[in-house]
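Peer 1: One structure, pasted below without further comment.
Each value in this text was obtained by applying a stated rule to the coordinates, not by laboratory testing. Just so we're clear, the structure is a prediction, and the values are computed from it rather than from any experiment. As a convention, Cβ positions derive from the backbone with ideal geometry for all residues, glycine included, and neighbour counts pool all protein chains shown.
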Amino acid sequence: MQDTTMDTPRSDMASDAYLRQLQATFAQLPNEITLYLFTAKGHEDTFTRANREIIRAFRQLSAKITLREYDLDHELAKKWNVTSSPTLLIAPERYSIRWLGAPMGEEARTFLEILILVGMGKSKLSDQSLNVVKKIDSPRNVKVFVSPTCPYCPQEAVNAVKAAIEVPEYVSLELIDIQSEPEIANQYAAQSVPQAFANDVLIGQGAQPEEVFVSSLQKLEVQTIFIPDSDAELVETDLVIIGGGPAGLTAGIYAVRSGLRTAVVEREALGGQVATTPIVENYPGFTSVGGKTLVDIMVSHALQYVQIFQGEAVVDVQIGNPITVLTNRRKFLTKSILLSTGATHRHLGVPGESRLSGRGVSYCSTCDGPLFKGKKVMMVGGGNSAVTEALHLFHMGVDVTLVHRRDKLRAQDFLAKQLSDSSIPVLWDTEIKEILGEERVEEVLVVNNRTGETSTIKTNGVFIAIGYTPAVELAEMMGLELNEDGYIRHDGKHRTNVPGVYSAGDVEGGYKQIVTASGQGAEAAMTIFEDLINPYWLK
């Protein structure tokens, strides 16, 4: 199913076509979809109203969707052990799937997928995942913490929904909105989303590929890799693009338009860092646009040309003729590879950071900021990203302080002025040396770089935006040369030292801007087209 959002801007014609497609999809579903909404008598809140509005919108698409609403003191609430308002049960006669909160924002995508899967009565798990799920022979009580502002949450939530539909006798699921249920989130120290627990054991932090999730669920411990069976599906292409950010998506468009059979493989959310950027103000054609909205536009465009394999992690690459690319779901035989793997958030590398990650330590204000409304947090960094995210937290109602190791910001003057105009305090010449807390962040140990004086500051969270580390694990696996800064070394046409392997975007270093990454993706695709016609390595 393609990645869609309920609130993506579309032309009227496109919207009508999309609605007709949804209506046709629901019309073909064999099963009725009964929803039970439980609310507290006399209590109306945003989440209760949102449930009714969202469900009403879907019911207009299909008569197969019905809604029944009851108070928490109703006998059915006792039967199904419903104690929180609002709680939405989805086909409880067949499955144990409940939503604490409401499927707003990004989670509307999750809700749409749930309705279709429940209506089909099928999980649509891959063959590899089915092999793992069949090994589960005891109860798994799953909790997935999500947020309406998190673009990564739908992937993890749908993973859990598929498991609950495939083995309803063993898997029960609660999707928990951290804004609606902050106390439960605090109880599990789930201050970063998505996070998944099974039988109160953490099994997933961040969006996992489907097979990795079910493997974690089956083993009741976090798994980081999934090795597929040898009978994986085979796909033959001219080009495999690894990475679905601006560089990869643009390359896919240009490659297919050049006549190359192309596949884009992305293990996480499409769009890369852009998907979690609150506001983009420097992309041509958009004075101001949400990062996720820009990504949706790019993805919609790319899907008109190129096949995208989202949620697939590359586990092995064998250079040869052809090149073999093995993911957690299938095998690709290709003539060329483009690495547009981007860069990951750089860590402080201080004590407590790793231990408290997801428990007050965060790298995404868009995903995790809502949980800290009215609370005190530190934003570490002095560049555009740090200032943009500090402003985003401030406007969200978070008490944010910027911590910068120098005496001057590296951010653009426009952003620095916004920071000053918002009266956001800045700790100059200051570095965090340790993040302290038992179950969650409670305080930080800081040092003043000028005076050498150390002190502790009480805080509920630490958001980190200090730049990025290039994602070069695959590059190193393939024997690609890196430059002195750790980025992929390439020539002026994005060729690496390995014939047939190219690079583009943030993984190459440089300016790390959306527009430059897109341009590099286009350049690389055109180089690959030319090289496949006249291979330079054969000359």
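Peer 1: By the scheme Lys and Arg +1, Asp and Glu -1, what is the net charge of all other residues having a beta-carbon under 9 Å from that of L482?
Peer 2: After counting each charged neighbour, the total is -3.
Peer 1: Could I ask something else about it? Quantify how much of the Cα-Cα distance distribution of the range 409-539 extends past 20 Å, in percent. Please report the intermediate quantities before stating the final value.
Peer 2: Details: 5489 of 8515 pairs.
The answer is 64 percent, as a whole percent.
Peer 1: To continue, here is another question. Between D127 and E183, what is the label-to-label distance in nm when each label sits 7 Å out along the Cα-to-Cβ direction?
Peer 2: The modelled label-to-label distance comes out at 4.9 nm.
Peer 1: Quick one: net charge around D399, please, counting Lys, Arg +1 and Asp, Glu -1 for every other residue with C-beta under 14 Å from its C-beta.
Peer 2: Taking every other residue near D399 into account, the sum is +4.
Peer 1: Among bridges DSSP assigns within the range 361-464, what percent are antiparallel (round to 5)?
Peer 2: Around 45 percent antiparallel, to the nearest 5.
Peer 1: If you don't mind, another one. Calculate the tail of P(r) for the range 232-325: the fraction of all Cα-Cα distances greater than 16 Å, expressed in %.
Peer 2: Details: 2481 of 4371 pairs.
Within the range 232-325, distances greater than 16 Å cover 57 percent of Cα pairs.
Peer 1: Further question: Quick one: putting +1 on the C-beta of Lys and Arg, -1 on the C-beta of Asp and Glu, what dipole do you get for the range 361-464 around its Cα centre, in Debye to the nearest 20?
Peer 2: Charge dipole, the range 361-464, about its Cα centre: 240 debye, nearest 20.
Peer 1: Let me ask something else. Would you mind ranking H490, H345 by Cβ crowding within 10 Å, fewest neighbours first?
Peer 2: H345, H490
Peer 1: Under 8 Å for C-alpha pairs, at least 6 residues apart: give me the relative contact order for the range 372-511, rounded to a whole percent.
Peer 2: Normalised by residue count, the contact order of the range 372-511 is 20 percent.
Peer 1: Over 10 Å intervals from 0, what percent of Cα-Cα pairs in the range 353-406 sits in each interval?
Peer 2: For the range 353-406, the pair-distance distribution reads 26, 58, 16.
Peer 1: Starting from the Cα of K162, draw a straight line to each of the aspartates and glutamates and keep only those under 15 Å, dropping any in the same chain fewer than 8 residues away.
Peer 2: Excluding near neighbours in sequence, the set is E113, D127, E174, E210, E211.
Peer 1: Then there is this: Packing-wise, with mean Cβ within 10 Å as the measure, how do 264-276, 517-529, 173-185 rank, highest first?
Peer 2: Values: 264-276: 25.2, 517-529: 23.5, 173-185: 21.5.
Highest to lowest by the protection proxy: 264-276, 517-529, 173-185.
Peer 1: Antiparallel versus total DSSP beta bridges in the chain: what percent is that, nearest 5?
Peer 2: 45
Peer 1: Going by amide H atoms built from the backbone, whose H comes under 5 Å of the H on G245, apart from near neighbours?
Peer 2: Under 5 Å from the amide H of G245 lie the amide H atoms of G271, each far enough along the sequence or on another chain.
Peer 1: Related question: Going through the cross-link list K292/K433; K41/K373; K143/K458; K78/K373; K143/K219, which pairs have a Cα-Cα distance over 22 Å in this structure?
Peer 2: K292/K433; K41/K373; K143/K458; K78/K373, as the Cα separations exceed 22 Å there.
Peer 1: Assign unit charges at the C-beta atoms only (+1 for Lys and Arg, -1 for Asp and Glu), then state the dipole size of the chain relative to its Cα centre in Debye, rounded to the nearest 20.
Peer 2: 520
Peer 1: Also, quick follow-up: How would R257, R330 line up from fewest to most surrounding beta-carbon atoms within 10 angstrom? It would help to have the intermediate numbers written out before the result.
Peer 2: Details: R257 14, R330 19.
The most exposed by this proxy come first: R257, R330.
Peer 1: Something else: If each residue of separation counts as 0.36 nm, what is the full-extension length gain between N141 and R440 once their alpha-carbon separation is subtracted?
Peer 2: 105.3 nm
Peer 1: Moving on to the next point. With charges only on Cβ, +1 for K and R and -1 for D and E, what is the dipole size of the range 260-384 about its Cα centre, in debye, rounded to 20?
Peer 2: 260
Peer 1: Express in whole angstrom the spacing between the alpha-carbon centres of the range 493-539 and the range 250-273.
Peer 2: Using only Cα atoms to place each centre, the spacing works out to 13 Å.
Peer 1: Next up: Put +1 on the Cβ of every Lys and Arg and -1 on every Asp and Glu Cβ in the chain; which of H494, A504, G259 then has its Cα farthest towards the positive end of the dipole?
Peer 2: Projecting each Cα onto the dipole axis, the largest value belongs to G259.
Peer 1: Still on this structure: Measure of size requested: the Rg and Dmax of the chain, with Cα atoms as the atom set and Å as the unit; please supply both.
Peer 2: 23.8, 79
Peer 1: Mind checking which of Q23, I514, H392 is farthest towards the positive end of the chain's charge dipole, using Cβ charges of +1 (Lys, Arg) and -1 (Asp, Glu) about the Cα centre?
Peer 2: Comparing the listed Cα positions along the dipole, Q23 ranks first.
Peer 1: With just the Cα atoms defining each centre, how far is the range 301-319 from the range 328-404? Give it in Å.
Peer 2: Taking the Cα centre of the range 328-404 as reference, the centre of the range 301-319 is 24 Å away.
Peer 1: Okay, next question. To one decimal place, what Kirkwood hydrodynamic radius in Å is obtained for the range 361-464 from all pairs of distinct Cα atoms?
Peer 2: Kirkwood hydrodynamic radius for the range 361-464: 13.6 Å.
Peer 1: Compute the separation of the alpha-carbon centres of the range 171-208 and the range 68-138 and state it in Å as a whole number.
Peer 2: 15
Peer 1: For the charge dipole of the range 12-219, defined by +1 on Lys and Arg C-beta atoms and -1 on Asp and Glu C-beta atoms about the Cα centroid, which residue among T48, T66, S147 has the Cα displaced farthest towards the positive pole?
Peer 2: Positive-most Cα among the choices belongs to T66.
Peer 1: Cα convex hull of the range 12-219: mean projected area in nm², to one decimal?
Peer 2: Averaged projected area of the range 12-219's Cα convex hull equals 11.6 nm².
Peer 1: While we're here: In whole Hz, what ³J(HN,Hα) sequence does the range 521-535 give by Karplus (6.51, -1.76, 1.60; θ = phi - 60°), x for Gly and Pro?
Peer 2: Along the range 521-535, the couplings run x, 5, 4, 4, 4, 5, 4, 4, 4, 5, 6, 6, 6, 10, x Hz.
Peer 1: Using the 10 angstrom Cβ neighbour count as an exposure proxy, how do F372, F286, F145, F394 rank, fewest first?
Peer 2: Ranking F372, F286, F145, F394 by Cβ neighbours within 10 Å, fewest first, gives F286, F394, F372, F145.
Peer 1: Hey, which aspartates and glutamates would be in cross-link range of K335, C-alpha to C-alpha under 14 Å, not counting anything within fewer than 8 residues on its own chain?
Peer 2: Within the straight-line cut-off, K335 pairs with E236, D238, E530, D531.
Peer 1: For every helix of n ≥ 4 consecutive DSSP H residues, a contribution of -39,500 (n - 2.57) applies; sum these over the chain, divide by its total residues, and give [θ] at 222 nm rounded to the nearest 500 deg cm²/dmol. Before the final figure, lay out each step's value.
Peer 2: Values: 15 runs with 161 residues, N = 539.
Dividing the helical sum by the residues of the chain leaves -9000 deg cm²/dmol.
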